[in-house]
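Asks: Below are the structure tokens for one structure; questions will follow.
The values are calculated or read from the model by the stated rules, or taken from the named source; none is laboratory data. Values in this document were obtained by computation on a predicted structure and should not be read as measured data. Cβ sites come from the backbone with ideal geometry, for glycine too, and all protein chains shown count toward neighbours.
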Amino acid sequence: MNYTLHQLAIFQKVVELKSVTRAAEVLHLTQPAVSIQLKNFQDQFDIPLTEVVGRQLYITEFGFEVARAAEEILNQMEEINYKAKAFRGQVVGKLKVSVVSTGKYLMPYFLTGFINQNPGVDLSMTVTNKQLVVQSIRSNEVDFALVSIIPENLACERIELLENRLYMVGNRPYTKGEGKSLEEILDNMPLIYREEGSGTRQVMETYLRSQNLDYRKKMELTSNEAVKQAVIAGLGVSIMPLIGLRNEIQNGSLHLWPVPGLPLGTRWSLVWAKEKKLAPVAKDYLRFLEAQRDEIISTYFSWYEKFK
């Protein structure tokens with residue numbers, strides 16, 4: 001046997017994704033390069049690792065066993081690299097963060113300085129919906145999660161980062177012709193909703209109930225970007241977090257509408273399970289946030305504070 005760590009990494013990724021093409025994309029290699037390494041790896045075994053039926057790639061039982069062993073070997077090599085860096089006095093380790101979809105406009109700015117200062121830290125940031133973010137904390141898959149509403153029935157610690165303010169937005173400046181009240185506005189313009197389970201949706205529905213409005217859902221979209229484009233196209237209005245609207249407000253494609261009871265306010269918070277034993281790299285990151293949070297807000301979000 002004379003296989004390499006490079007071949008193990010390629011094979012493990014092919015098994016994980018069940019596709020040579022997708023593995024090549026993730027590994028930033030060409031498809032022929034992955035296929036060659038896969039063949040060279042297979043040549044060292046007299047039992048098939050994969051099978052191709054039609055155009056579909058299948059992993060054999062033996063292939064799955066080899067992939068599990070490869071993952072363990074690669075993890076051990078990664079641990080050795082971390083320990084080598086730690087002995088040189090560097091902050092090292094893997095930092096795993098799960099972020100609700102709108103949080104992608106916020107979280108990178110609170111990570112950049114820490115990652116740049118500590119090249120021995122590997123970052124894994126997943127952007128997904130609120131339900132999966134909460135699940136990632138409950139199942140101990142991540143160190144931290146960024147949310148705008150603290151999950152119910154979850155014992156967690158938190159550090160607040162920035163106020164989350166939600167405004168009604170339209171694709172043109174507000175005029176008296178749009179309606180004098182929220183009810184009149186919504187009689188004339190459809191209200192575009194985020195999907196069920198979204199934090200933005202939760203805040204919006206709470207607000208509508210406070211205004212004694214039971215507005216029929218005519219349009220429901222599954223991402224903040226989709227809602228923005230729908231409003232820009234004139235399909236309706238929506239209540240959206242300001243954090244993701246900077247460019248559209250500046251170029252005039254979206255406008256904030258003055259509506260009674262708005263803006264709504266929650267807090268962007270980084271949370272972690274109360275019982276979680278944080279790794280040294282996670283503790284170092286919390287210390288970084290405590291020291292640098294105000295400076296980060298001042299540097300990157302001064303535009304945001306102007307809308308208070």
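Asks: Applying the selection to the range 239-273, what residues are of a type in the set (Val, Ile, Thr), crowded, with 19+ Cβ neighbours inside 10 Å and under 17 Å from PRO173 (Cβ atoms)?
Replies: Result: VAL259, single match.
Asks: Right, here's the next one. Considering the range 127-145 alone, what residues qualify as being under 21 Å from LYS283 (Cβ atoms) and in a strand (DSSP E or B)?
Replies: Matches in the range 127-145: PHE144, ALA145.
Asks: Could you grab me the full set of residues in the range 18-71 that are touching a residue at least 24 places away in the same chain (Cβ under 8 Å) and of a type in the set (S, T, N, Q)?
Replies: SER19, GLN37, ASN40, GLN44, THR50
Asks: Name every residue in the range 275-293 that is of a type outside the set (A, V, I, L, M, F, W, C), surrounded by fewer than 18 Cβ atoms within 10 Å (Cβ to Cβ) and touching a Gly at 6+ places or on another chain (Cβ under 9 Å), in order of residue number.
Replies: PRO280, GLN292
Asks: Within the range 146-177, can you find the residues that are of a type in the set (Val, Ile, Thr) and assigned to a strand (DSSP E or B)?
Replies: Correct list: VAL147, ILE159, VAL169.
Asks: Return the residues of the range 104-136 that are β-branched (Val, Ile, Thr) and farther than 27 Å from ILE80 by Cα; say none if nothing qualifies.
Replies: VAL127, THR128, VAL133, VAL134
Asks: Might you check whether a residue that is small (Gly, Ala, Ser), farther than 29 Å from PRO260 by Cβ, buried (at least 16 other Cβ atoms within 10 Å of the Cβ) and not assigned by TED's automatic domain parsing to the domain that holds THR222 occurs anywhere in the range 124-136?
Replies: Yes, the range 124-136 has at least one match.
Asks: Being closer than 30 Å to LYS180 by Cα, assigned to a loop (DSSP other than H, G, I, E, B) and either out of contact with any strand residue (DSSP E or B) (no Cβ under 8 Å at 6 or more places or on another chain) or not assigned by TED's automatic domain parsing to the domain that holds ASN140 (or both), is that true of even one residue in the range 268-285?
Replies: No.
Asks: Scanning the range 109-136 for residues that are of a type in the set (A, V, I, L, M) and more than 21 Å from PRO241 (Cβ to Cβ), which turns out modelled with the lowest pLDDT?
Replies: VAL121
Asks: For the range 195-238, which positions are closer than 17 Å to TYR174 by Cβ, touching a residue at least 60 places away in the same chain (Cβ under 8 Å), of a type outside the set (Ser, Thr, Tyr) and surrounded by 13 or more Cβ atoms within 10 Å (Cβ to Cβ)?
Replies: Hits for the range 195-238 are VAL231, ILE232, VAL237.
Asks: Something else now. Among the residues of the range 166-184, write down those that are in contact with a strand residue (DSSP E or B) (Cβ under 9 Å, 6 or more places away or on another chain) and either among the polar types (S, T, N, Q) or surrounded by 19 or more Cβ atoms within 10 Å (Cβ to Cβ) (or both).
Replies: Residues satisfying the conditions are LEU166, TYR167, MET168, VAL169, GLY170, ASN171, LEU182.
Asks: For residues in the range 137-151 being surrounded by fewer than 19 Cβ atoms within 10 Å (Cβ to Cβ) and of a type outside the set (Val, Ile, Thr), which is modelled with the lowest pLDDT?
Replies: PRO151
Asks: Still on this structure: Go through the range 1-28 and give me each residue that's of a type in the set (A, V, I, L, M) and crowded, with 17+ Cβ neighbours inside 10 Å.
Replies: LEU8, ALA9, ILE10, VAL14, VAL15, VAL20, ALA23, ALA24, LEU27
Asks: Let me confirm something: among SER19, SER35, which residue is at pLDDT below 90 and in the same structural domain as ASN75 (by TED's automatic domain parsing)?
Replies: Checking each option against the conditions leaves just SER19.
Asks: A further question on this structure: Does LEU38 satisfy the criteria of being within 23 Å of MET77 (Cα to Cα) and loosely packed, with under 15 Cβ neighbours inside 10 Å?
Replies: So LEU38 fails the test.
Asks: Give the residue that is surrounded by the fewest Cβ atoms within 10 Å (Cβ to Cβ), with candidates limited to residues of the range 51-63 that are in a strand (DSSP E or B) and under 33 Å from the mean Cα position of the chain (by Cα).
Replies: Checking each candidate, the answer is GLN56.
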